[in-house]
Amino acid sequence: MVYSNADECIGRVMGLQVTVAGASGYAGGELLRLLSGHPALELATLTAHAAAGSLVGEVHPHLPSLADRRFADTDLAALSGADVVFLALPHGASAQIVAGLPPDVRVVDLGADHRLADPAAWSKWYGGPHAGSWPYGLPELPGGRPAIAGATRVAAPGCYPTAVALGLAPLLAAGLVEPADLVVVACSGISGAGREARPHLLAGEVIGDTAAYGVGGGHRHVPEMIQTLATAAGAPVSLSFTPVLAPMPRGILATCTARLAAGADAGSLRAALGAAYAAEPLVHLLPEGRWPHTAATLGSAAAHVQVTADVAAGRAVVVVGLDNLGKGAAAQAVQCANLMLGLPETAGLTSAGVAP
């Protein structure tokens with residue numbers, strides 16, 4: 001179906017029913033915030049596990065329009081009646097639910113269950129049987145948008161892999177950096193660890209402190225990053241990834257470096273990112289000399305990118321900033337759902353952040 005404009009498109013599909021499973025978590029709450037203002041989608045059942053039976057307002061007091069709604073148990077019958085199901089569940093919990101859904105129900109999985117193509121990688125990092133891979137929900141990658149638009153099942157990327165792919169994939173695809181020497185140090189807000197109460201994530205432990213974790217390739221997102229970057233490079237890649245927990249509620253700042261290929265310089269690096277993102281509504285290459293920072297993307301569905309060449313070290317340096325609950329999770333999932341439904345890609349989303 002071809003519509004003459006975005007308003008006609010939205011008007012034709014208004015009233016589509018959307019269910020969010022895992023709606024009591026941080027990513028689930030951000031989904032509720034975005035979907036409650038979506039021009040074409042209506043929130044149907046909102047499900048949770050431990051919070052089932054609770055009022056939404058008790059768990060998400062920032063959502064007054066949904067305050068009197070109650071979380072239901074994650075029931076297959078309720079999910080099956082929706083037009084779109086968002087799964088904001090712990091890793092490993094989605095596959096069994098999806099197996100019981102009708103094939104025509106569109107599903108966007110925010111967990112890792114369907115991101116990895118290699119069963120051995122899934123087994124190593126997550127354990128249990130591999131549920132198979134789905135189209136990867138990062139529209140800005142080459143071929144990503146048509147694959148998502150033609151799918152009824154999409155695997156939304158992780159927050160760190162989104163930032164790393166947006167920074168490095170265009171440079172690898174253009175042959176401007178060497179795939180054998182990729183290094184990423186990325187800071188994340190504590191919401192990236194989920195809502196479960198854990199001692200090392202208490203405010204008294206986090207405020208005033210910054211700490212690396214999963215050092216030496218010990219983070220579960222590593223195989224996802226390698227998979228995406230190797231596809232972009234058309235060759236195997238070597239990646240050293242160090243995540244850092246920062247004393248902020250949300251946000252990611254990823255500093256990605258790679259050895260420059262012969263003939264590459266700051267101009268060619270910038271040209272490659274400019275060509276990749278010139279027409280992208282939710283990825284912004286910043287003006288030269290202006291570097292991303294997390295506060296600028298707070299509450300936004302967008303990512304900010306900047307690049308230069310460290311000539312003395314012979315390395316490209318790309319910095320990517322995004323909201324880990326926005327472009328790194330819920331906003332990206334809504335972006336994918338819009339594509340799957342034939343809606344304007346940015347419906348219900350904004351590239352503007354919140355300040356101060």
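Throughout, read-outs are computed from the coordinates displayed, never taken from laboratory work. Since the model is a prediction, treat every value here as computed from it, not as a measurement. Quick reminder, even Gly has a Cβ in these numbers, built from the backbone with ideal geometry, and neighbours come from all protein chains shown.
Taking the Cβ of L282 as the center, what net charge do the other residues with Cβ under 9 Å away carry, scoring Lys and Arg +1 and Asp and Glu -1?
Net of charged neighbours comes to -2.
Round to the nearest 0.05 the FRET efficiency obtained for A312 and S240 when R0 = 22 Å and r is the Cβ-Cβ distance.
Efficiency, rounded to the nearest 0.05: 0.65.
How many nm is it between the label spots at A99 and A120, if each spot is 7 Å from the Cα in line with the beta carbon?
2.5
I'd like the trypsin sites (Lys or Arg not before Pro) in segment 269-356 restricted to DSSP loop residues with at most 14 other Cβ atoms within 10 Å, sorted by number.
R290
Quick one: if you stick a label point 7 Å off each Cα along the C-beta vector at D181 and A67, how many nm between them?
Once both label points are built, they end up 5.8 nm from each other.
For the residue pair L55 and A211, what label-to-label distance in nm results when each label sits 7 Å from Cα along the Cα-to-beta-carbon direction?
3.7
For the peptides 38-46, 171-179, 60-68, 329-337, what is the packing order when you average, over each peptide's residues, the other Cβ atoms within 10 Å and list the highest mean first?
Output ranking for 38-46, 171-179, 60-68, 329-337: 329-337, 171-179, 38-46, 60-68.
For F86, F241, which order do you get if you count the other beta carbons within 10 Å of each Cβ and list the fewest first?
Lowest count first: F241, F86.
Of E58, E140, how do they rank once you tally other Cβ atoms within 10 Å and put the fewest first?
E58, E140
Once whole DSSP H runs in the chain are found, which of them have Cα atoms spread over 20 Å or more along the helix axis and a mean Kyte-Doolittle score of at least 0.5?
Both cut-offs are met by 159-173.
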